[in-house]
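This report refers to the structure that appears directly beneath it.
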Amino acid sequence: MDIKNLRLNYEKSTIDFKNLADNPIQYFMNWFEDALKINKQEANACILSTVSSDNCPSSRVVLLKGVNKNGFIFFTNYKSSKAKDIDANPNVALNFYWPELERQVRITGIVKKIAINDSDTYFKSRPRDSQMGAWLSDQSKVIGLDYNFMDTLNSLESKFKDKAIARPLHWGGYCIAPIKVEFWQGRPFRLHDRLVYKIEDGEWIYKRLSP
Ligand SMILES: Cc1cc2nc3c(=O)[nH]c(=O)nc-3n(C[C@H](O)[C@H](O)[C@H](O)COP(=O)(O)O)c2cc1C
């Protein structure tokens, strides 16, 4: 396997530094729309990185489920490993890589649980199977190699028979309020375009970075 010779010359697009948005959320939405046109299924897949109480970093894929002026929203189990990291340290990073567009977005920010009623609203909108899944999984806990979810699924199905499935209290959303957002566009000769937004004195400012 010749890994060292795997390389692409990036040449699909550029960042127009004369035509930028005032804030990174607006700029992100433009790029996200471009990504959705190319990858409707999972343009919202992103890498969430957290740091544990003993300073170990950890990354995993989550699905972005909303963006608003406050930040970037995802849903998970509030007792999972990532949630324990977040309890200890709310500084997180989120990374999107859209290879079809030769684009990366790197977000760092402070994460907080979203309002209970917003988690309820989203939970209600999920398919019944996914709602069941939230009840069934003690996310990140060790389970027996022969553990069979069907037993618990059957008892859950009878518990909620002909009823709406309530949101488990340990499952809900988080919102990452960004403090720094970098947009990266691959360019020929590895001379990539990089644009970074940062909050300074309560205002967004942007700068270009060397590749
Ligand atoms: C494409 C994809 C999407 C995922 N989306 C989510 C998600 O939205 N929320 C979530 O909790 N886990 C999601 N996962 C699973 C996580 O990557 C991870 O395995 C899980 O959250 C446990 O992480 P933790 O032990 O670090 O808490 C997804 C995984 C993949 C590959």
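The values are calculated or read from the model by the stated rules, or taken from the named source; none is laboratory data. The structure presented is a predicted model; accordingly, all values stated were derived computationally and were not measured. Note: ideal-geometry Cβ built from the backbone for every residue, glycine included; neighbour counts use all protein chains shown.
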Picked from the range 88-139 (must be within 12 Å of the ligand (Cβ to nearest atom), outside any loop (DSSP other than H, G, I, E, B) and in contact (Cβ under 8 Å) with a residue 24 or more places away in the chain), the residue nearest to the chain's Cα centre (by Cα) is LEU94
Would you confirm whether any residue within the range 1-11 is in contact with an Asp or Glu (Cβ under 9 Å, 6 or more places away or on another chain), part of a loop (DSSP other than H, G, I, E, B), more than 16 Å from the ligand (Cβ to nearest atom) and of a type outside the set (A, V, I, L, M)?
yes
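Considering only the range 24-45, I want to know if a residue exists there that is modelled with pLDDT of 95 or more, near the ligand (Cβ under 10 Å from one of its atoms) and surrounded by 11 or more Cβ atoms within 10 Å (Cβ to Cβ).
yes
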Out of the residues in the range 58-87 that are in a loop (DSSP other than H, G, I, E, B) and either within 14 Å of the ligand (Cβ to nearest atom) or of a type in the set (S, T, N, Q) (or both), state the one that is surrounded by the fewest Cβ atoms within 10 Å (Cβ to Cβ).
ASN70
Within the range 99-129, the residues that are surrounded by 15 or more Cβ atoms within 10 Å (Cβ to Cβ), within 19 Å of ALA166 (Cα to Cα) and not basic (Lys, Arg) are ILE114, ASP118, SER119, TYR122, PHE123
Out of contact with any Leu (no Cβ under 9 Å at 6 or more places or on another chain) and within 16 Å of ASP193 (Cα to Cα) - does that describe any residue in the range 36-43?
no
Right, PHE96: of a type in the set (A, V, I, L, M, F, W, C), touching a Ser or Thr at 6+ places or on another chain (Cβ under 9 Å) and surrounded by 14 or more Cβ atoms within 10 Å (Cβ to Cβ) or not?
no
Counted residues, the range 2-23 - those being over 17 Å from VAL181 (Cβ atoms) and touching a strand residue (DSSP E or B) at 6+ places or on another chain (Cβ under 7 Å)
2
